[in-house]
Amino acid sequence: MLELAPDLEAILTTGQPVVVPTAQRAAALRLGFATRQLRQGRRAFRTPDVQSLSGWLRGQPGATAATGAVLRRLGASEEWLLWREAVGEAAARLSLPAAGLVDAVRQSAALLYEWRISPTAVRQSGTPEALLLSHSLDAIEARLADLGAAAPWRALQDLAAEPPRRAPVFAGFAQPTPARRTLLEAWSQRGTPVQELACAFGGTSGRRAAAADPAAELALIARWCRERLQAAPTARLLVIVPDLARRQSEVRRVFDAALDPDYPRMCVGGDVAPYAVEGGQSLPNYAPIAAGLGTLRLLAADVEFAEVSQWLRGGFWLQPQASRRAMLDAWLRTVVPPRLNARQLLQALRAAPPALLAHADEVAALVLRLQEAFAGGSRATLATWSGRFAQVLMLCGLHVGAARQRDSREQQVLQRLDELLQECAALPGGLGTFDAMAALAVFTRLLARTRFEPATGDAPVTITASLADPVLRYDGIWASGLHAGTLPQRARFDPFIPVSLQRQAGVIAADAAALVSQAEQALSILCRSSQEFIVSAPAHAEDLELAASPLLAPYALEAYPAPCAAEGLPHLIRASRRMEAFVDDTGAAWPEAVPLPAGTRAIELQSRCPFRAYAQLRLRAEPLESPVPGITPRERGRMLHRALELLWQRLRDSSGLAAARANQAQVQWVEECVAQAGSEILHGSDLPDATGLLELRRAAIARELGRAARLINTLCDLEASRAPFVVHELETKHRVRIGGALIDVRVDRMDRLDDGTQVILDYKSGRAVTPDWEVERTTHPQLLVYLLAAAAPVSALAVAHLDPKSVVFKGIADADLRLPGVKAVDGNWSRQLEAWNEQVVRLASDFVRGDARVAPMDKACDYCHLHAFCRIADVDSDPEGQP
């Protein structure tokens, strides 16, 4: 239970304002006060006036100008935009790049006035960094004068001249800075005494825990929290993780797994989250904000199709249904380029097939309304763009008033988005005009700078990165990651203020001794602010050995049991019930009277992995296509096959090839066949300008035709070195029965040699790979199926690879030099044919039987899309084969 110091509770009861360092500390103090009142039986009480320092300063009246006018205070967005403009001007004046300097210069200016460092002294130092800060201050001061606004970084200085009517109490500020000290002295001299409160709790004995590494330390803390809450559900705990910003996703994952399974049972009613993260995360990390930004990016410029896909599958849609939008997504992958914009998306949607047209029209109607609201073709002020962005987000239902059910967290996130949009709508027109991309870039940056954590009620665990005074007393505090590299902090010098001036002003961050004193004081306050205080440090971080901070020496090292390896949420779920192993690796049998799906592809997949064959061909778990620029690999393969078929229909045999070469007709014939194949395969596949990129596609087709002609001419040069042959079959269809399976076969080409034997060839347009022929599971079983379809003895099997890097034959034969570069089999050819026959029969029988074992051949998983479906990682990691 959160506990207030008696004197602080008395102040809050009277209604006197209390100012604390951060908004998170203010929220905790208000919650602690309310809890205290409820425990005392009060159902109605005065809401305490508790604010963060920054929030309190924003609520104070502005400074008075020399003319007597009251200067207005800048909003956070307007201030950042003014700094962005000022730093840009100063950097250009000094011929320096301004990228990435805005926040750094802004922080330097705040430090300058917080520690009362003379701007004149900074300018006189003459360093480029100091001049950049000085020129930036000059530029922003001029802009503030034009706008009639007060500088936020001078708020304490302005308030010193005019004390407020109700002086606040400052609580939780360990070491006052010169600006705050001057403010308090000025108010006291004017008859307005100000009170500062420090931690007034009794002492407690802390202890130290050890952990192997940061991950083990985090698991240890999560288990400690779970144990404390199981013992006392009303307990309130504070966890300090110094590098929380970097590890936030890891922290959330560990605490989700540790607390979620138990907390609903422990919580006494109410929808309360088990933990809260101080400071929150950037707004774009929340799903509704990400969906809104994705919509705006699609309207503003070309985006990757992956973003369009994510947008189509987003959770903000009411109509069409998710399944229909998924079907649209799958179809669009076959007709759009890798990058596209809203206009091209509209054109593609209008060309949707009849089965999807009604749903495509629904999406297209929304896109049209979004385009009208966006009005992206004109330049406008940021305030105007803010209104347009708000209209777009409203059309998508991404606003607090949308007629749909949302949980409290999403509503709070959208409320914060609405506040930021309203703040941007109030920006003055003097900031200039922007095109769509520039305005969206600024808005995205403002969103990224805004950190937010939805209110979670009275969360039992609070996670923070700060070692500052918690103001309240917690049931338990655990401060982690306190190795020698983090505590005390290393001295950090501001890069834009001369070091001598920082040291002269007493800036704590620039003074190693002051940092040590600050760290000791922080640990002391934390220890007195909890009934159980634990500090810890990891022994290693990856391959780096760490030492505990020397400041932890006063705390006795106590053995704390290391967490079990099986502490994650999946293991907790499994441990809660009895598990029985049931091996289910056989699916439904395939009807023997029905040809196998995908022909020889079924045998190929069965060889690579039985589960993939069953999932992909029986359960239709096909991979989604990815848009590619120019010609797709499938189109390339089909065109090469058709061009080679047309060419050998003309040449017929090796003598025809020799005659064409002698008459210098080979190149012309190849070009004619390629042109005809391209007309049939590539031009015929065009939709009616589905993406508005037909001109680019025509250029890609022209390049592809030239590429194909070069590859086929190279193959002809290779084939000219062969022994005499006659092309016996071209793209001939066969239906064969193998091991109870009926298979439709289309053989690319069969050649008959002078000795009456046949050579089976398969064309491939990809990179050349040497097949494994003499193994139990070959990588090219389709050629073995072709072997059984041949009506005459076969003396060679080969793949003709047509790739710009190499045009070669990869195969095996009964004797050397049946084909260029193809070697003879090791051993008896007849016995090898029998082994291949048995292999194909076994694969075909396994497919018909429904064999769906997860048994991939070597490297088969490298190019498979079913890892999450087959859970191959679980199979490999579980030695007992348990599910």
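The values are calculated or read from the model by the stated rules, or taken from the named source; none is laboratory data. Computed from a predicted structure; not experimentally measured. No Cβ is skipped: glycine too gets one built from the backbone with ideal geometry, and neighbour counts run over all protein chains shown. Heavy atoms of the whole protein, side chains included, go into the accessibility calculation; ligands, DNA and RNA do not. Shrake-Rupley method; radii C 1.70, N 1.55, O 1.52, S 1.80 Å.
Only residues that are farther than 30 Å from Arg228 by Cα and outside any helix (DSSP H, G or I): list them for the range 491-541, please.
Residues satisfying the conditions are Ala491, Arg492, Phe493, Asp494, Pro495, Phe496, Ile497, Pro498, Gly506, Val507, Asp511.
Say whether the condition of being under 19 Å from Asp329 (Cα atoms), open to solvent by 10 Å² or more (accessible area, probe 1.4 Å) and among the hydrophobic types (A, V, I, L, M, F, W, C) is met by at least one residue in the range 373-394.
No, the range 373-394 contains no residue that is under 19 Å from Asp329 (Cα atoms), open to solvent by 10 Å² or more (accessible area, probe 1.4 Å) and among the hydrophobic types (A, V, I, L, M, F, W, C).
Conditions: (1) open to solvent by less than 70 Å² (accessible area, probe 1.4 Å); (2) at pLDDT below 75. Pro623 meets all but one. Number of the miss?
Failed condition: (2).
Quick one: is Leu447 modelled with pLDDT of 90 or more and not small (Gly, Ala, Ser)?
yes
Taking the stated definitions as given, is Asp814 farther than 22 Å from Pro595 by Cβ, of a type in the set (Asp, Glu) and open to solvent by 10 Å² or more (accessible area, probe 1.4 Å)?
Yes: the conditions hold for Asp814.
Quick one: which residue in Glu520, Glu542 is acidic (Asp, Glu) and out of contact with any helix residue (DSSP H, G or I) (no Cβ under 8 Å at 6 or more places or on another chain)?
Glu542
Are there any pairs with C-beta distances below 7 angstrom linking a residue in the range 733-753 that is of a type in the set (Ser, Thr, Tyr) and surrounded by fewer than 21 Cβ atoms within 10 Å (Cβ to Cβ) to a residue that is in a strand (DSSP E or B) and modelled with pLDDT of 95 or more, with the two at least 6 apart or on different chains, and if so which?
Close Cβ pairs (under 7 Å, with a partner that is in a strand (DSSP E or B) and modelled with pLDDT of 95 or more) do not exist here.
Cβ-Cβ distance below 7 Å, separation of 6 or more or different chains: which pairs start in the range 511-529 with a residue that is on the phi < 0 side of the Ramachandran plot and end on one that is surrounded by fewer than 16 Cβ atoms within 10 Å (Cβ to Cβ) and part of a helix (DSSP H, G or I)?
Asp511/Arg503
Tell me the residue from Ala455, Ala459 that is of a type in the set (Gly, Ala, Ser), at pLDDT below 90 and open to solvent by 40 Å² or more (accessible area, probe 1.4 Å), please.
Ala455
So the check is Cβ under 9 Å with 6+ separation or different chains; which pairs have a first residue in the range 68-92 that's under 12 Å from Leu382 (Cβ atoms) and free of Cβ contacts under 8 Å to residues at least 12 places away in the same chain and a second one that's open to solvent by less than 10 Å² (accessible area, probe 1.4 Å) and among the small types (Gly, Ala, Ser)?
Hits for this filter: zero, empty list.
Quick one: count up the residues across the range 21-36 that are open to solvent by less than 40 Å² (accessible area, probe 1.4 Å), closer than 18 Å to Glu453 by Cβ and without any contact (Cβ under 8 Å) to a residue 24 or more places away in the chain.
Number of matching residues: 0.
From Val875, Val841, grab the single residue that is part of a helix (DSSP H, G or I), at pLDDT below 85 and of a type in the set (A, V, I, L, M).
That would be Val875, the only listed residue that is part of a helix (DSSP H, G or I), at pLDDT below 85 and of a type in the set (A, V, I, L, M).
Within the bounds of the range 553-571, is there any residue that is under 27 Å from Leu220 (Cβ atoms), hydrophobic (A, V, I, L, M, F, W, C), at pLDDT below 90 and assigned to a strand (DSSP E or B)?
Yes, there is a match, as at least one residue in the range 553-571 is under 27 Å from Leu220 (Cβ atoms), hydrophobic (A, V, I, L, M, F, W, C), at pLDDT below 90 and assigned to a strand (DSSP E or B).
When only residues in the range 463-483 that are in contact with a Pro (Cβ under 7 Å, 6 or more places away or on another chain) and part of a loop (DSSP other than H, G, I, E, B) count, which is modelled with the highest pLDDT?
Gly481
When you check Ser95 against the structure, is it at pLDDT below 95, within 20 Å of Thr177 (Cβ to Cβ), out of contact with any helix residue (DSSP H, G or I) (no Cβ under 7 Å at 6 or more places or on another chain) and loosely packed, with under 15 Cβ neighbours inside 10 Å, yes or no?
Judged against the criteria, Ser95 is not a match.
Within the range 421-433, identify whether any single residue is crowded, with 17+ Cβ neighbours inside 10 Å, under 25 Å from Ala301 (Cα atoms) and within 24 Å of the chain's Cα centre (by Cα), and answer yes or no.
The answer is no, given that none of the residues of the range 421-433 is crowded, with 17+ Cβ neighbours inside 10 Å, under 25 Å from Ala301 (Cα atoms) and within 24 Å of the chain's Cα centre (by Cα).
Within the range 833-865, take every residue that is touching a strand residue (DSSP E or B) at 6+ places or on another chain (Cβ under 9 Å) and open to solvent by 30 Å² or more (accessible area, probe 1.4 Å) and give me the one that is farthest from Ala602 (Cα to Cα).
Per the criteria, the residue is Leu833.
Is the range 705-718 home to any residue that is part of a loop (DSSP other than H, G, I, E, B), open to solvent by 40 Å² or more (accessible area, probe 1.4 Å) and free of Cβ contacts under 8 Å to residues at least 24 places away in the same chain?
No, there is no match, as no residue in the range 705-718 is part of a loop (DSSP other than H, G, I, E, B), open to solvent by 40 Å² or more (accessible area, probe 1.4 Å) and free of Cβ contacts under 8 Å to residues at least 24 places away in the same chain.
I need the full set of residues from the range 37-73 which are surrounded by fewer than 19 Cβ atoms within 10 Å (Cβ to Cβ) and either closer than 21 Å to Asp475 by Cα or β-branched (Val, Ile, Thr) (or both), in order please.
Answer for the range 37-73, where residues must be surrounded by fewer than 19 Cβ atoms within 10 Å (Cβ to Cβ) and either closer than 21 Å to Asp475 by Cα or β-branched (Val, Ile, Thr) (or both): Gln37, Leu38, Arg39, Gln40, Thr47, Thr64, Thr67, Val70.
Report whether or not Ala210 is open to solvent by 10 Å² or more (accessible area, probe 1.4 Å) and in a helix (DSSP H, G or I).
Taking the combined requirement at face value, the residue does not satisfy it.
Could you pull out the residue among Gln310, Gln344 that is open to solvent by less than 20 Å² (accessible area, probe 1.4 Å) and polar (S, T, N, Q)?
Gln344
Please indicate, with yes or no, whether at least one residue in the range 138-152 is over 22 Å from Val442 (Cβ atoms), open to solvent by 60 Å² or more (accessible area, probe 1.4 Å) and modelled with pLDDT of 90 or more.
yes
Show me the helices (runs of 4 or more DSSP H) found entirely inside the range 113-165 where at least 1 residues are under 23 Å from Gln195 (Cα atoms), touching a residue at least 40 places away in the same chain (Cβ under 8 Å) and not charged (D, E, K, R).
Counting at least 1 such residues, we get 155-159.
Examine the range 487-496 for a residue that is among the hydrophobic types (A, V, I, L, M, F, W, C) and open to solvent by 30 Å² or more (accessible area, probe 1.4 Å), and state whether such a residue exists.
Yes, some residue in the range 487-496 is among the hydrophobic types (A, V, I, L, M, F, W, C) and open to solvent by 30 Å² or more (accessible area, probe 1.4 Å).
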